[in-house]
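Beneath this line is the structure, given in structure tokens, with notes to follow.
The values are calculated or read from the model by the stated rules, or taken from the named source; none is laboratory data. Here the structure is a predicted model, which means the values were calculated and not measured. Heads up, the Cβs are rebuilt from the backbone with ideal geometry, glycines too, and the neighbour counts pull from every protein chain shown. Quick note on the areas: whole protein, heavy atoms, side chains included, nothing else; ligands and nucleic acids left out. Shrake-Rupley method; radii C 1.70, N 1.55, O 1.52, S 1.80 Å.
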Amino acid sequence: MIKLHFKFKEHISEANREKAIKELSSHGAGEVRPLFPHEDDKELSSLYILHCQDDAIGRELMGLLNALEEIEFAEGEIIRKLIH
């Protein structure tokens with residue numbers, strides 16, 4: 001499973017967020033949700049995560065995220081490994 005993190009620009013309305021999420025879903029995004037769902041801080045509440053099934057869809061979604069004017073930035077999830 002691929003995870004992408006992205007941030008809506010702070011001035012984007014809830015209706016425009018929903019429109020962008022629908023577009024992402026129509027291009028193969030699985031779950032799209034706020035990273036901090038109960039946060040009142042505008043900066044933190046504009047951070048989202050989406051899940052998709054494979055690399056090809058992930059690359060397509062990353063391109064779409066970068067093309068959407070509502071999005072401030074998008075990045076793949078950082079894989080962290082503990083080394084003993």
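Looking at the chain, how many pairs of lysines come closer than 21 Å at the Cα, when each pair is eight or more places apart or spans two chains?
Close lysine pairs found across the chain: 10.
LYS19 accessible area, nearest 10 Å², 1.4 Å probe?
130 Å²
Sum up the charges of everything whose Cβ sits under 12 Å from the Cβ of PHE8, counting Lys and Arg as +1 and Asp and Glu as -1, but leave PHE8 out.
Numbers: positive: LYS7, LYS9, ARG17, LYS19, LYS42; negative: GLU10, GLU14, GLU18, GLU43, GLU69, GLU70, GLU72.
Result for the neighbourhood of PHE8: -2.
So how do LYS3, LYS42 rank on accessible area, 1.4 Å probe, biggest first, that is with the largest at the start? Don't skip to the end; give the middle numbers.
Details: LYS3 70, LYS42 140 Å².
The ranking, largest first, comes out as LYS42, LYS3.
Determine the order of ARG59, ARG80, ARG33, ARG17 by accessible area, beginning with the largest, at a probe radius of 1.4 Å. Intermediate values should be presented prior to the final figure.
Details: ARG59 160, ARG80 190, ARG33 85, ARG17 20 Å².
Greatest to least solvent exposure: ARG80, ARG59, ARG33, ARG17.
So what does GLU31 come to for accessible area, using a 1.4 Å probe and Å² rounded to 10?
Probe radius 1.4 Å; accessible area of GLU31 about 100 Å².
Just to make sure I understand: if all protein chains stay in place, what is the order of ILE79, ILE57 by accessible area at 1.4 Å, largest first?
Numbers: ILE79 130, ILE57 45 Å².
Sorted descending by solvent-accessible area, the residues read ILE79, ILE57.
Do any GluC sites (Glu not before Pro) in segment 34-72 lie in a DSSP loop with no more than 15 other beta carbon atoms within 10 Å, and if so, which?
Values: sites: GLU39, GLU43, GLU60, GLU69, GLU70, GLU72; in loops: GLU39, GLU69, GLU70.
Taking segment 34-72 and a limit of 15 other Cβ atoms within 10 Å, the loop GluC sites (Glu not before Pro) found are GLU39, GLU69.
Please state the relative contact order of the chain as a whole percent: Cα pairs under 8 Å, 6+ residues apart?
Here the relative contact order equals 46 percent.
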